[in-house]
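> Would you mind keeping the following structure in view while I ask a few things?
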Amino acid sequence: MMESFWRVLLLQDHNTRVVMAGACLFGAAAGLAGTFLLLRKRSLLGDTLGHATLPGITLAFLLAETFGISPRSFLWLALGATISGVAGMGAVLLIRKTSRLKDDAALAIVLSVFFGAGIAMLSAIQQLPGGQAAGLERLIYGNPASMTSSDAWFVLLASLLVAGVCGFLFKEFTLLCFDESYALTAGWPVRPLDALLMGLVVLVTIVGLQTVGILLVVALLVIPPAAARFWSDDLRAMALVAAGAGGLSSLVGVVASALLPGLPTGALIVLSAALFFGVSLLVGKKRGLIIRHLLEREAARRLRREHVLRAIFECAEDMQPVVTLEQVLAKRPWKKNELRSEISQLTDDGLLTTEPSGASFQLNGRGDSEARRLVRNHRLWEIYLLNHADVAPARVDRDADLIEHVLDQRLVDELEDLLDEKARERLVPGNPEKKLP
Amino acid sequence: MSTHPLEIRSLNVAYHRKMVLWDADLCIRPGRSTAIVGPNGAGKSTLLKAALGLIPAASGEVLFYGEPLKKVRSRVAYVPQRESVDWDFPVSARDVVAMGLYKKIGWCLPVRARHKRMADEALADVGLADFAGRQISQLSGGQQQRVFLARALAQKAELHLMDEPFASVDAATEQAILTLLRRLKDQGGTVVCVHHDLDTVAEYFDDVVLLNMRVVAQGPASEVLTPDNLRKTYGARLTLLDEAVVDLSRPGAPRES
């Protein structure tokens, strides 16, 4: 076991080197092309495409048997796969154009019909006298170990082509995926660009047949980009992370399957991609669950702190500066324990002066100015909501440190005047920053 | 040869055999702002999209500056409805505005520092100088609308076609758009907006096109916005039917323009 482990890791076999390099390159190319496929919201098309290659493969095999060509040649089978994959995409487009069916239905129909036809032909092949279907099964479940060096060269060239096209047409593909109608009006050839992008996806699918197989090829198109989205809000970075994740997943999958013979490589590659996805979902820097949870908790904590400060300020405004816990409790429906801990926190932070018993407290200098700022902001937002009800809901941002950060100064001045006026009429408490005349 | 920025002659558009636009005739005057106004489902956005070739027209002719759109694309900028794209897309405000420069940059070449500067200038023109690096999902609806405007600005076109730029935006954005409309006109440009709010039409725009599947009236706002025209556009469908019947009974009757 240890010996085989080192043999794999140190790339001592020529065959292992070929397989690893091929799988790794394929993974990276799939991650790159998949990024655009995902952003174009066509992930399911990738799945349909993979399944739709089967009838072409079996037909190519049958033809080869009939005419006496070597039926195992990957390039020959790949040709059949390409033709039927493209025919499958054409069928999806045709159904969409001629009927009023939605995309998901069109995709499901084509996927199942093409795959069904392929399975039927496959079992016919298996019943042929002397006909061996083994060469085909490796394309369904994926078996990179069967890769010859000429196959590896094909993978290498195809992957470089995919990477090159994605690199050169990065901004064109970005525009296509983001805003197709604008691209059209600006004079970009949207349809040819779209066809080219789909052509790259077909190429990746064909290349992937040998590595992960028909059933799982979509996984490497979709999972690495989806995982990469958790790490970055920038398309360039996302594409690089997706390419890296795809390559790495393939590498890990191939190594794992070399160590655990008997388990299919394609499945192990997909599982390692899924592992990367799971990790990204949890700890991704931009949208991971943990970072989002922390940000939400931080926001909730800030909100509670602001509520307490405002409540204390308003109690002091109505009555005497020293405020009791009961007075603050009466202001809002909060839990006594929560309020207590917040008050001791505020005391520790030097915003409150608290009696040793903790029953009454007072805003000190720093606390007072902080509370004034919060109360002023809050009251101005309220006035804004009252007076600009038509547009305000889209605009109100209580998270903003100062209302001036969101609204322009002229509007804020106008709101201040309104607040003064309402305070003079004793309709609302006044602006704490200003003394009324 | 016409010098009108946009001229549409008997444009017909149908969705699945259902007519959306009937023989729309339209003439946009240069150096002015025009609002296309009408009730929901009147075909306002359809008119713009069909003119730009985004949806197929059943028949009719559309000329930009007297030529088919293909020949004068760089002179025409389109601002789609904000809802038409996915704002969760992983790009920054600057990236979106730079898309207006892609044609200038050309095939396969990357966006360079000077293009980014141009994008930033366009963003500053709509009051978003501080938001250039922000991911677009973290902008408010009004700010997103302004990013779209900045993209069209960066294109430095002469005719701007905007689909509902004022739809559910905040006061600051409304002001920014109005300032922009004025500036575009001062520079000799022409602006056409699909607009939904009858209250502000006369205040915001020079010319008005009243549309309800057909062009009811067009011309200077003060002349077009008459109670009679508005009733024909918004009012009871019966009025429209009555007229159609009259029109049919008199095949030679002159069209209203």
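> Check the straight Cα-Cα distances from residue B:70 and name the aspartates and glutamates below 16 Å, setting aside those fewer than 8 residues away within the same chain.
Partners found: B:7, B:61, B:158.
> How well do other chains shield peptide A:160-172, expressed as the mean number of their Cβ atoms within 10 Å of each residue Cβ? Please report the intermediate quantities before stating the final value.
Details: counts 0, 0, 0, 0, 0, 1, 0, 2, 4, 2, 3, 11, 3.
Other-chain Cβ atoms within 10 Å of each residue's Cβ, averaged: 2.
> Enter the mean number of other protein chain beta carbons within 10 Å of the beta carbon of each residue in A:182-192, as an integer.
Values: counts 16, 3, 6, 15, 13, 8, 5, 0, 0, 0, 0.
For this peptide, the per-residue mean of nearby foreign Cβ atoms is 6.
> Oh, and also: Between residue B:222 and residue A:362, what is the label-to-label distance in nm when each label sits 7 Å out along the Cα-to-Cβ direction?
6.8 nm
> Let me ask something else about it. Counting pairs of alpha carbon atoms under 8 Å apart in space and at least six apart in sequence, what relative contact order in percent does chain A give? Display every interim value, and only then the final one.
Working: 593 pairs, mean separation 76.0, N = 437.
Relative contact order here is 17 percent.
> Helix B:171-186 against the longest principal axis of chain B: what's the angle in degrees, Cα atoms only, rounded to the nearest 10?
Helix B:171-186 and the main axis of chain B meet at about 80 degrees.
> Using label points projected 7 Å from each Cα along Cα→Cβ, tell me how many nm separate residue B:197 and residue B:71, to one decimal.
Result: 3.9 nm between the two label points.
> Treat the range B:61-207 as a sphere of radius equal to its Kirkwood radius over Cα pairs and apply Stokes-Einstein at 20 °C in a medium of 1.002 mPa s; give the translational diffusion coefficient in µm²/s, rounded to a whole number.
136 µm²/s
> Relative to the Cα centre, what is the charge dipole magnitude of the range A:291-363, using +1 at the beta carbon of each Lys and Arg, -1 at the beta carbon of each Asp and Glu, and rounding to the nearest 20 debye? Provide the component values of the computation, followed by the final result.
On the way: 12 positive and 12 negative charges, 82 e Å.
For this selection, approximately 400 debye.
> Another question, if that's okay. Which of the residue pairs A:102/A:285; B:18/B:44; A:171/B:71 have a Cα-Cα distance greater than 27 Å in the structure shown?
Details: A:102/A:285 35 Å; B:18/B:44 16 Å; A:171/B:71 23 Å.
Beyond 27 Å between Cα atoms: A:102/A:285.
> Ignoring everything except DSSP H segments at least 4 long, calculate the 222 nm mean residue ellipticity for chain B; use -39,500 (n - 2.57) per segment, divide by total residues, nearest 500. Working shown, then result.
Values: 10 runs with 93 residues, N = 257.
Per the formula, -10500 deg cm²/dmol.
> A follow-up question, please. Would you compute, from DSSP H runs of 4+ residues alone, the mean residue ellipticity of chain A at 222 nm, taking -39500 (n - 2.57) per run and dividing by the full residue count, rounded to the nearest 500?
Details: 19 runs with 323 residues, N = 437.
Taken over chain A, the calculation gives -25000 deg cm²/dmol.
> Using r as the Cβ-Cβ distance of residue A:120 and residue B:12, and R0 as 51 Å, what FRET efficiency do you calculate, to the nearest 0.05? Could you put the intermediate results ahead of the total?
Working: r = 48 Å, r/R0 = 0.93.
After rounding to 0.05, the efficiency reads 0.60.
> Please state the Cα pair-distance histogram of the range A:66-132 with 10 angstrom bins from zero: what percent is in each bin?
Over the range A:66-132, the share of Cα pairs per 10 Å bin runs 18, 39, 27, 14, 2 percent.
> For chain B, taking Cα atoms only, what is the radius of gyration to one decimal and the Dmax to the nearest whole Å?
Using the Cα atoms of chain B, the pair Rg, Dmax is 19.1, 65 Å.
> How well do other chains shield peptide A:43-54, expressed as the mean number of their Cβ atoms within 10 Å of each residue Cβ? Let's see the in-between values first.
Details: counts 0, 0, 0, 0, 0, 0, 0, 0, 0, 0, 0, 0.
Per residue, the average neighbour count from other chains is 0.
> Further question on the same structure: Taking every eigenvalue of the Cα gyration tensor of the range B:17-136, multiplying by 5 and rooting it, what semi-axes result, largest first, whole Å?
Working: eigenvalues 198, 64, 44 Å².
Its equivalent ellipsoid spans semi-axes of 31, 18, 15 Å.
> Can you tell me which aspartates and glutamates have their Cα less than 20 Å from the Cα of residue A:331? Leave out same-chain residues fewer than eight positions away.
A:306, A:314, A:317, A:318, A:342, A:368, A:370, A:382
> Could you tally the net charge around residue A:102, taking each other residue with its Cβ under 15 Å from the Cβ of residue A:102, Lys/Arg +1 and Asp/Glu -1?
Values: positive: A:41, A:42, A:96, A:97, A:100; negative: A:103, A:104.
Neighbourhood net charge equals +3.
> On to the next question. Under 5 Å between amide hydrogens, which residues at least 5 positions from residue B:32 or on another chain qualify, with H placed 1.01 Å from N in the peptide plane?
B:191
> State which entries of A:335/A:422; B:49/B:185; B:49/B:104 exceed 27 angstrom in Cα-Cα distance in the structure shown. Each step should come with its number before you reach the end.
Working: A:335/A:422 32 Å; B:49/B:185 23 Å; B:49/B:104 23 Å.
Over 27 Å Cα-Cα: A:335/A:422.
> Give the long-range amide H neighbours of residue B:216: residues separated by 5 or more places, or on another chain, with amide H under 5 Å away, using H modelled in the peptide plane at 1.01 Å from N.
B:210, B:211
> Report the gain in length on full extension from residue A:423 to residue A:378: 0.36 nm times residue separation, minus Cα-Cα distance, nm rounded to one decimal.
Values: separation 45, 0.36 × 45 = 16.20 nm, distance 1.45 nm.
Gain in length upon complete extension: 14.8 nm.
> Which FRET efficiency value, to the nearest 0.05, is calculated for residue B:178 and residue B:121 with the Förster distance at 30 angstrom and r the Cβ-Cβ distance? Let's see the in-between values first.
Details: r = 20 Å, r/R0 = 0.66.
So, using R0 = 30 Å, E works out to roughly 0.90.
> Looking at the protein assembly as shown, send over the antiparallel percent of its DSSP beta bridges, to the nearest 5.
Numbers: 25 of 43 bridges.
Just about 60 percent of them are antiparallel.
> Report Rg/Rh for the range A:291-363, rounded to two decimals, where Rg is the Cα radius of gyration and Rh the Kirkwood radius.
1.00
> Please compute the Kirkwood hydrodynamic radius over chain A, one decimal place, Å, based on all pairs of different Cα atoms. Show your work: numbers first, answer last.
Details: mean 1/r = 0.0376 Å⁻¹.
Over chain A, the inverse of the mean reciprocal pair distance is 26.6 Å.
> Hey, rough spin-label estimate for residue A:105 and residue A:300, points 7 angstrom out along Cα→Cβ, what's it come to in nanometres?
Placing both labels 7 Å beyond Cα along the Cβ direction yields 4.3 nm.
> Oh, and also: Between 0 and 90 degrees, rounded to the nearest ten: what's the tilt of helix A:217-228 against the longest Cα principal axis of chain A?
20 degrees
> Compute the normalised compactness of the range A:336-382: alpha-carbon radius of gyration over 2.2 N^0.38 Å, N being the residue count.
Taking N as the residue count of the range A:336-382, the ratio is 1.26.
> Let me have the relative contact order for chain B, percent, based on Cα pairs under 8 Å that are six or more residues apart.
Details: 450 pairs, mean separation 64.7, N = 257.
This gives 25 percent for chain B.
> Against the longest principal axis of chain A, how steep is helix A:235-259, in degrees 0 to 90 to the nearest 10, with axes from Cα atoms?
Helix A:235-259 and the main axis of chain A meet at about 50 degrees.
None of the figures in this text is laboratory data; all of them are computed from the coordinates on show. No experiment lies behind these values; they were computed from the predicted model shown. All Cβ positions, glycine included, derive from the backbone under ideal geometry; neighbour counts span all protein chains shown.
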